[in-house]
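Each remark here refers to the structure printed beneath this line.
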Amino acid sequence: MKKNRPIFLLTLILSITTFFPACRQDDLNGEVDSLNSLKANKPLSERKKITDWINAHEEGLNLVKKANINLFKANLLYDEMRVESRKNGDDLIIIPIRDGVGEKINLGPEYLLNLLVVQSKTGKLRWSTVVCFLPENGNKRTVLKEKTIQNIINNEPVFENGLFKFLDLKGKLLYQLEYKDQKLSTYGSPRKKGDTNSPNVAKASIQCYDYYLITTYFENGTVVEQTEEYLYTECDEDSSGGDGGGGGSGGGSGNPGGDNPGDSDPEDPEEENDATVPARFVYEISHTNYDNDDLYLPEDTEIEYDGDTPLPPMGFPSPLRYVCMANITYRAVDLSIVNAFTYPMNLTPNNETYLHPNWGQVARVVTKIGESHFADFIEGGHTATFYWSCDIHFRWTYLTAGGTRTRQVPFSHSVTASVPL
């Protein structure tokens with residue numbers, strides 16, 4: 001019996017080690033099945049959550065607004081839903097919209113539509129917008145490049161060239177952005193232009209307002225131009241909601257819903273749309289800031305340097321360029337400032353060798369000392385004031401004549417800028 005005991009123990013151990021992995025495998029299979037079940041049901045739960053949320057938008061609306069909301073809701077492709085990320089941790093839920101809807105809201109068939117719903121980290125649906133993309137070449141796309149909407153919301157490079165219109169669920173244009181070569185090239189939003197006695201209005205007693213698309217143009221992020229284009233006229237007593245349609249790119253496009261851009265309905269469950277747009281401001285200042293000796297010319301020289309005349313062939317130190325840059329980030333819908341900051345002042349040329357008619361070769365080195373720069377603004381306002389100050393230290397080394405000379409002069413600049421209204 002003693003000889004058989006090791007065999008019995010070995011058999012028992014093998015049985016136990018075989019039984020428990022099998023049990024563990026069954027547990028793992030059960031966990032995987034449970035996870036797969038959750039994943040399979042997630043689109044269904046998200047669909048109900050979003051649908052219920054969209055339904056809440058209809059409370060107290062007129063028929064025109066309800067019709068546009070139902071048009072979008074009935075054409076959402078939940079099976080193609082995807083989620084991207086915002087810098088602040090919000091989820092960007094993106095749901096494609098069926099072809100043909102764009103034409104029904106007065107956009108061309110070339111537009112690609114997606115519903116964007118922003119969800120907080122706690123799972124609360126915050127706000128939404130219908131993103132309508134028109135490619136630069138006019139050829140309709142079936143899907144946006146990955147992370148396009150994420151990059152737009154995060155103010156990062158966008159790899160789609162073309163126009164993006166952002167509508168609310170009622171089909172009203174909130175704002176539009178155009179991108180070229182990964183950079184923002186235009187920003188446009190509809191703005192009300194005072195009272196008007198429109199010839200299209202029969203009753204002179206009705207107060208009416210003209211709406212214009214105000215478009216700001218950017219070059220490398222810097223504001224360079226602004227234009228306006230008539231969109232539509234709206235009257236106080238006009239509850240019909242215009243002629244329908246959504247884009248409002250000008251030329252008679254109506255305002256679907258009959259309210260002002262950026263306004264909210266009393267029962268609207270949407271939070272304030274906090275998508276932002278950056279704008280850069282550049283101020284170039286030209287100063288000489290060097291002594292008379294550096295500008296001295298022989299008596300027989302007829303050239304008189306006045307800042308605009310090209311430098312003579314002999315060479316003089318180039319006028320110093322002080323380039324002050326600042327940035328304002330503002331909300332795309334209501335244009336309120338959320339942040340503003342300044343960049344260090346850029347001073348050029350800071351190291352230059354030139355041939356002086358009297359002193360021969362001269363090397364000039366210019367440096368900034370004790371620089372300070374900042375932006376002063378009120379969050380929610382529309383203007384910001386930028387400040388720059390420092391001392392400019394000059395050092396001239398006379399390479400031909402020998403010797404050095406120094407000078408220090410103060411520099412300061414301030415300017416007030418406003419959001420491109």
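The values are calculated or read from the model by the stated rules, or taken from the named source; none is laboratory data. A quick note: this is a predicted structure, and the numbers were derived from the prediction, not measured. We place every Cβ from the backbone using ideal geometry, glycine too, and count neighbours over all the protein chains shown.
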### Residues of the range 35-55 satisfying the condition of being aliphatic (A, V, I, L, M) and either at pLDDT 90 or above or assigned to a loop (DSSP other than H, G, I, E, B) (or both)
Ile50, Ile54
## Note on the structure
Among residues of the range 97-144 being polar (S, T, N, Q) and within 23 Å of the chain's Cα centre (by Cα), the residue farthest from Leu169 (Cα to Cα) is Asn137
### Query
Of all residues in the range 78-90, how many are in a strand (DSSP E or B) and within 17 Å of the chain's Cα centre (by Cα)?
2
### Message
Which count do you get for residues in the range 98-113 that are crowded, with 18+ Cβ neighbours inside 10 Å and part of a loop (DSSP other than H, G, I, E, B)?
### Response
4
### Message
Cβ-Cβ under 6 Å, sequence separation 6+ or interchain: first residue in the range 68-95 and over 21 Å from Asn55 (Cβ atoms), partner surrounded by fewer than 13 Cβ atoms within 10 Å (Cβ to Cβ). Which pairs?
### Response
Gly89/Lys121
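Residue by residue, here is whether (1) hydrophobic (A, V, I, L, M, F, W, C); (2) outside any strand (DSSP E or B); (3) more than 20 Å from Glu352 (Cα to Cα) holds:
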{"site": "Gly402", "(1), (2), (3)": "no, yes, no"}
{"site": "Arg405", "(1), (2), (3)": "no, no, no"}
{"site": "Val409", "(1), (2), (3)": "yes, no, no"}
{"site": "Val415", "(1), (2), (3)": "yes, no, yes"}
### Task
Tell me which residues, restricted to the range 50-62, are more than 28 Å from the chain's Cα centre (by Cα) and touching a residue at least 40 places away in the same chain (Cβ under 8 Å).
Ala56, Glu59, Gly60, Leu61, Asn62
### Task
Report yes if His413 is at negative phi, touching a Cys at 6+ places or on another chain (Cβ under 9 Å) and in contact (Cβ under 8 Å) with a residue 24 or more places away in the chain, otherwise no.
yes
### Query
Which members of the range 93-117 meet the condition of being touching an Asp or Glu at 6+ places or on another chain (Cβ under 6 Å) and over 14 Å from Leu144 (Cα atoms)?
Pro109
#### Entry: Those strands (runs of 3 or more DSSP E) lying entirely in the range 251-366 with at least 2 residues more than 24 Å from the chain's Cα centre (by Cα) and either modelled with pLDDT under 50 or surrounded by 19 or more Cβ atoms within 10 Å (Cβ to Cβ) (or both)
320-331
### Query
What number of residues in the range 114-129 are without any contact (Cβ under 8 Å) to a residue 40 or more places away in the chain and either over 16 Å from Lys48 (Cα atoms) or crowded, with 20+ Cβ neighbours inside 10 Å (or both)?
7
### Residue among Lys165, Lys170 that alone is out of contact with any helix residue (DSSP H, G or I) (no Cβ under 9 Å at 6 or more places or on another chain), of a type outside the set (A, V, I, L, M, F, W, C) and either in a loop (DSSP other than H, G, I, E, B) or under 25 Å from Ile54 (Cα atoms) (or both)
Lys165
